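Chemist: Pasting a structure below so you can have a look.
The values are calculated or read from the model by the stated rules, or taken from the named source; none is laboratory data. This one's a predicted model, so the numbers in the text were calculated from it and none came from an experiment. We place every Cβ from the backbone using ideal geometry, glycine too, and count neighbours over all the protein chains shown. What goes into the accessible areas is simple: the full protein's heavy atoms, side chains included, and nothing from ligands, DNA or RNA. Shrake-Rupley method; radii C 1.70, N 1.55, O 1.52, S 1.80 Å.
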Amino acid sequence: MSSAHTEQPGTPPEQAELDAVVVGAGFSGLYMLHRLRDTLGMTARVFEAADDVGGTWYWNRYPGARCDSESYFYSFSDRLSEDLLEEWTWSERFAAQPEILRYLQHVADRYDLRKDIRFRTKVVGADYDAATGRWTVRTDDGGQVTATYLITAVGCLSTTNLPDFPGRDSFRGESYHTGVWPHEGVDFTGKRVIVIGTGATAVQAVPEIAQDAAHVYVLQRTANYDIAGGNRPMDAEDGRKIKDNYREIWKTTRETAFGFPYEVADRTALSVSDEERQRIFAEAWERGGFRLGTTFNDLLLDEKANETAAEFLRARIRERVRDPKVAELLSPRDHPFFTKRPPLENGYYETFNRENVTLVDVREAPIQEITPTGVRTADAEYEADVIVYATGFDAMTGTLFRLGIRGRDGVALEEKWAEGPHSYLGIATHGFPNLFMITGPQSPSVLSNMPVSIEQHVDWITDCLRFLREQGYDTIEALPDAEDDWVGHHNEVTQLTLLPRANSWWVGANIPGKPRNLYPYVGGVGTYRLICDEIAARGYDGFGLGSGGTITTGQFTGAARRKYTEIVEEAATKAS
Ligand code: NA7
């Protein structure tokens, strides 16, 4: 397997006593470092496995990689700086990976962040010492630092999922996982290529690969509801219009359900006539992007409502794919719309009209093994020069578990979460004092426009650390009652939706043996922010507070709980 792995550093391993350690230098790690250092005046170190900043946008360099949220608001908001907003202009509506990486490199340079980031360094262990109230963090170069606070900024999709197909290593051609793509790129010219997977990544990569390859076999296990991306170039004038409205745009992103600057419409799908519904879907489709999911407020709640959107999308597939059999195979029938992450596509379906592209159904005839020359399924053998694994990630917990985090009494995070994540707000978990997880499981995270959720977590953590300092504390830990309550609430909200119906990575179904739970919180970005703010306003209700590792005060009053039940019920009533 080729990869973008980098060399080890030549500098001596780090030994330091710090206020905070941050793991990861993507969107979250960069912003967290800035806040810790420049807002709070703390000493902080970021450890980053790659040789540069960027996180997701460093690793995912496959052909066609681009953002599925519009770049003008898939970026840092006015919370970071109005000047940065003014000076940066995106060249496309949905920027491609190189441009997003350049943006993050620019942010790192502009805020002089690199000097506190140690690149090419993986965290291999983090142990909490209750006697001192400090974390000891070990790195793969033999370094060891201590810190009062440990903050994970590891992203939600950073550990690749490479299925353990028999014979995988016997393949004599080239093979790549899209999530660790070689920096030098891959030349597909004249080659026979097998792409395994049809998720958001494959939907971006396949049209690009098909332009150069001799032949592409796309191995599909589950058909997806792909939404029109509507990508297009942006010029300075487009940018100006957006920049002139930025305050309003950012305000809306913080209040809406998914962190986008568009509201979910206040109407149900069946409350309008068939013609009207088609008109509404078609209009959203024309505008492109995730707007289609916000056309009616019950698409994620009601099966019949959902089916109207599902059928609208299937009709679009039939219009665009010439062979009716291929069109039907591309049409999802086994799960409701948006219960798996819908890919955004720019010409994916038309790719199947090309002579050099074949769709292979590996649901009907599963992959049996990888052979030295290709892939053997239950009913055929496909020969290839290159295999592209677009098989996704061990999402949300995969990377967290690899950090070797051990809390009180040496309990590992993966032991505590053996049955699935158990957190307070998706930020903290009992038994792991002073551990903060940016966009952790049971927070909105991947069910939102990520930078909006990242900023919300980083700002909340920053305010919390300032509060602790002002109150003379340096130890904070989620209380068990508060955590049980949050998990109960998370599960209740989940059950109100159709999301548990699909075998998605959102519920951990893509990784054998992974506990099945909804990993992100589906209560909505705006609602979640109000809950977090309410908890902070009540002196961090549900958290124990203290010093030097000893909790001396704090309780879970349930007051914030009553408030968040009201908030969620109000949102649900609006949606019904
Ligand atoms: P996804 O969305 O997890 O897609 C992975 C694809 O790989 C999906 O089509 C899977 O089929 C397929 N897959 C995984 N394992 C197998 C096996 N064993 N056999 C056949 N097919 C398999 O990952 P992406 O990288 O596309 O997207 C991840 C996120 O990145 C995306 O949602 C955005 O948020 C950005 P399945 O559907 O499980 O049947």
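Chemist: Hey, which of the helices (runs of 4 or more DSSP H) in region 47-156, taking only ones fully inside, have at least 1 residues that are of a type in the set (Phe, Trp, Tyr)?
Modeler: Passing ranges, in order: 56-59, 97-110.
Chemist: Within region 177-191, identify whether any single residue is acidic (Asp, Glu) and either open to solvent by less than 30 Å² (accessible area, probe 1.4 Å) or within 16 Å of the ligand (Cβ to nearest atom) (or both), and answer yes or no. Spell out the reasoning first.
Modeler: Just the residues of region 177-191 that are acidic (Asp, Glu), to begin with: 184, 187.
Then drop every residue that is not either open to solvent by less than 30 Å² (accessible area, probe 1.4 Å) or within 16 Å of the ligand (Cβ to nearest atom) (or both), which leaves none.
Looking through region 177-191, none of the residues is acidic (Asp, Glu) and either open to solvent by less than 30 Å² (accessible area, probe 1.4 Å) or within 16 Å of the ligand (Cβ to nearest atom) (or both).
Chemist: So which residues in region 384-428 are open to solvent by 10 Å² or more (accessible area, probe 1.4 Å) and among the β-branched types (Val, Ile, Thr)?
Modeler: Result: Thr391, Thr399, Val411.
Chemist: Answer yes or no as to whether Phe436 is open to solvent by 10 Å² or more (accessible area, probe 1.4 Å) and at negative phi.
Modeler: no
Chemist: Here are some residues: Thr550, Thr557. Which one is at pLDDT 95 or above, among the hydroxyl-bearing types (Ser, Thr, Tyr) and open to solvent by 50 Å² or more (accessible area, probe 1.4 Å)?
Modeler: Thr550
Chemist: Can you name the residue in region 372-383 that is open to solvent by 10 Å² or more (accessible area, probe 1.4 Å) and under 15 Å from Asp169 (Cα atoms) and, of all such residues, is nearest to the ligand (Cβ to nearest atom)?
Modeler: Arg376
Chemist: Can we say Arg341 is among the charged types (D, E, K, R), within 13 Å of the ligand (Cβ to nearest atom) and under 16 Å from Ile196 (Cα atoms)? Spell out the reasoning first.
Modeler: Details: among the charged types (D, E, K, R): yes; within 13 Å of the ligand (Cβ to nearest atom): yes; under 16 Å from Ile196 (Cα atoms): no.
Here the answer is no, as Arg341 does not meet what is asked.
Chemist: Can I ask one more? Which one of Tyr348, Tyr382 is assigned by TED's automatic domain parsing to the domain that holds Tyr217 and closer than 24 Å to Met450 by Cβ?
Modeler: Just one listed residue meets the conditions, Tyr348.
Chemist: Name the residues in region 503-542 that are more than 13 Å from the ligand (Cβ to nearest atom), under 26 Å from Gly398 (Cα atoms) and not in a loop (DSSP other than H, G, I, E, B), would you? Walk me through how you get there before you give the answer.
Modeler: First, the residues of region 503-542 that are more than 13 Å from the ligand (Cβ to nearest atom): 513, 515-518, 521-542.
Add one more test, that the residue is under 26 Å from Gly398 (Cα atoms), and what stays is 513, 515-518, 521-525, 528-529, 532.
Residues satisfying the conditions are Val525, Tyr528, Arg529, Cys532.
Chemist: While we're looking at this one, here's another question. When you scan region 200-251, how many residues do you find that are within 16 Å of the ligand (Cβ to nearest atom), assigned to a loop (DSSP other than H, G, I, E, B) and under 16 Å from Ile387 (Cβ atoms)?
Modeler: 1
Chemist: How many residues, within region 119-134, are closer than 16 Å to Asp51 by Cβ and either in contact with a Cys (Cβ under 6 Å, 6 or more places away or on another chain) or open to solvent by 30 Å² or more (accessible area, probe 1.4 Å) (or both)?
Modeler: Residues that pass the stated criteria total 3.
Chemist: Right, another one. Within region 280-299, does at least one residue satisfy the condition of being farther than 30 Å from Gly524 by Cβ and in a helix (DSSP H, G or I)?
Modeler: No.
Chemist: Okay, next question. Looking only at region 163-176, which residues are surrounded by 11 or more Cβ atoms within 10 Å (Cβ to Cβ) and either more than 13 Å from the ligand (Cβ to nearest atom) or at pLDDT below 95 (or both)?
Modeler: Going residue by residue through region 163-176, those that are surrounded by 11 or more Cβ atoms within 10 Å (Cβ to Cβ) are 163, 165-168, 170-171, 173-176.
Within region 163-176, Gly167, Ser170, Phe171, Gly173, Glu174, Ser175 meet the criteria.
Chemist: Okay, next question. Can you tell which of Gly508, Gly431, Gly513, Gly524 is among the small types (Gly, Ala, Ser), under 30 Å from Asp164 (Cβ atoms) and buried (at least 18 other Cβ atoms within 10 Å of the Cβ)?
Modeler: Within the list Gly508, Gly431, Gly513, Gly524, the selection yields Gly508.
Chemist: Still on this structure, please answer the following. Residues to consider are Ser158, Ser71; find the one that is hydroxyl-bearing (Ser, Thr, Tyr) and more than 23 Å from Val22 (Cβ to Cβ). Break it down stepwise before answering.
Modeler: Numbers: Ser158 fails: more than 23 Å from Val22 (Cβ to Cβ).
Only one candidate passes the filter, namely Ser71.
Chemist: Another question, if that's okay. Could you say whether any residue in region 485-498 is in a loop (DSSP other than H, G, I, E, B) and at pLDDT 95 or above?
Modeler: Yes, there is a match, as at least one residue in region 485-498 is in a loop (DSSP other than H, G, I, E, B) and at pLDDT 95 or above.
Chemist: Looking only at region 384-412, which residues are under 24 Å from the mean Cα position of the chain (by Cα) and within 15 Å of the ligand (Cβ to nearest atom)?
Modeler: Those that are under 24 Å from the mean Cα position of the chain (by Cα) and within 15 Å of the ligand (Cβ to nearest atom): Val388, Tyr389, Ala390, Thr391, Gly392, Phe393, Asp394, Ala395, Met396, Thr397, Gly398, Thr399.
Chemist: Restrict the check to region 41-51 and report whether at least one residue is among the β-branched types (Val, Ile, Thr), open to solvent by less than 20 Å² (accessible area, probe 1.4 Å), within 28 Å of Asp187 (Cα to Cα) and in the same structural domain as Glu99 (by TED's automatic domain parsing).
Modeler: Looking for residues that are among the β-branched types (Val, Ile, Thr), open to solvent by less than 20 Å² (accessible area, probe 1.4 Å), within 28 Å of Asp187 (Cα to Cα) and in the same structural domain as Glu99 (by TED's automatic domain parsing), one finds none in region 41-51, hence no.
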